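The values are calculated or read from the model by the stated rules, or taken from the named source; none is laboratory data. All figures in this text were calculated on a predicted structure; none of them were measured in a lab. Please note: Cβ atoms are built from the backbone with ideal geometry, for glycine as well, and neighbour counts cover all protein chains shown. Remember, those area values only see protein heavy atoms, side chains included, never the ligands or the DNA or RNA. Shrake-Rupley method; radii C 1.70, N 1.55, O 1.52, S 1.80 Å.
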Amino acid sequence: MSTGVIIVLIVIVAAVLVVAAVLALRARGPQHGGSLKRRFGPEYDRAVVRHDGDTKAAERELSERVRRHGSLHTRPLEPAERERFEARWTAAQERFVDSPREAVGEADRLLAELAGARGYPDGAQYEEQLAALSVHHAHHVDGYRRVHRVTHAQAQSHAAGAAGAGNGGAETAAASDTEELREALVAARALFEQLVRPGRHDDGRPGTGARVAPAAASGPASAPGSTPASTPASEPAARAPHGWSLGKRRPKES
């Protein structure tokens with residue numbers, strides 16, 4: 001074998017090794033501050049705050065999340081599964097007008113089940129499931145965190161807060177609670193959309209959820225069929241994913 005052939009073979013082997021090393025690094029995911037910040041976005045900032053400003057500790061935590069869940073392979077939903085999840089989410093949104101607390105609790109359970117169906121850790125392991133979701137849906141996972149936190153916090157504090165307030169205070173507390181529940185459900189909707197229809201919002205940008213009217217509006221209610229003063233007649237009302245906004249019931253089909 002000539003010297004030239006040997007040199008060519010050495011160059012080829014070296015190139016293969018370099019490519020293999022690059023692929024291995026990509027599979028492991030970002031391990032340094034700049035790339036972690038780009039990957040996790042708002043989750044990076046939350047981790048830094050949780051560690052009292054210690055960026056090194058925050059980056060170690062995020063790197064560990066990537067190590068555990070970066071190579072996770074999700075599975076697509078079957079059409080029937082997708083339809084069931086979408087129907088349940090629509091029902092939860094419609095239920096919000098009469099039972100906001102129960103609607104948000106259902107959204108919490110629904111996201112846990114949906115993530116599990118896609119191949120993420122089981123919903124019974126909430127913290128691990130949340131960590132895995134944060135690796136792959138960093139810009140939207142906080143919505144799940146909010147409905148989970150609100151579901152548990154409201155159950156513990158609502159009775160005590162309402163009992164300790166007077167009539168006027170109880171009404172104010174109830175309105176505040178409902179608005180908090182509404183905001184949590186709206187925030188969670190973007191993650192639901194990503195999980196139920198993979199690829200639809202996977203560009204990493206925050207979801208463009210429909211605007212939802214505040215839980216309590218001031219002034220007299222509009223007459224049926226009239227156009228609200230804040231919405232021009234020429235501008236169609238914003239629609240929530242799957243066709244329904246919070247606080248509106250599905251119209252009966254004729």
Query - Length released on extending from Glu127 to Ile7, taking residue separation times 0.36 nm less the Cα-Cα span - result: 37.9 nm
Query raised in the report: With the other protein chains left in place, how much accessible area per residue, in square angstrom, belongs to region 63-157 at a 1.4 angstrom probe?
Result: 45
Query raised in the report: What FRET efficiency do you get for His152 and Glu81 if R0 is 35 Å and r is their Cβ-Cβ distance, rounded to the nearest 0.05?
Result: 0.85
Report task. Show me 35-41, 97-103 ranked by packing, highest mean number of other Cβ atoms within 10 Å first. Result -> 35-41, 97-103
Query - Listed peptides 89-96, 126-133, 141-148 by packing density, highest first (mean Cβ within 10 Å) - result: 141-148, 89-96, 126-133
Requested in this report: Determine the sum of side-chain charges near Gly123: Lys and Arg each +1, Asp and Glu each -1, restricted to other residues whose C-beta is under 12 angstrom from that of Gly123.
Outcome: -3
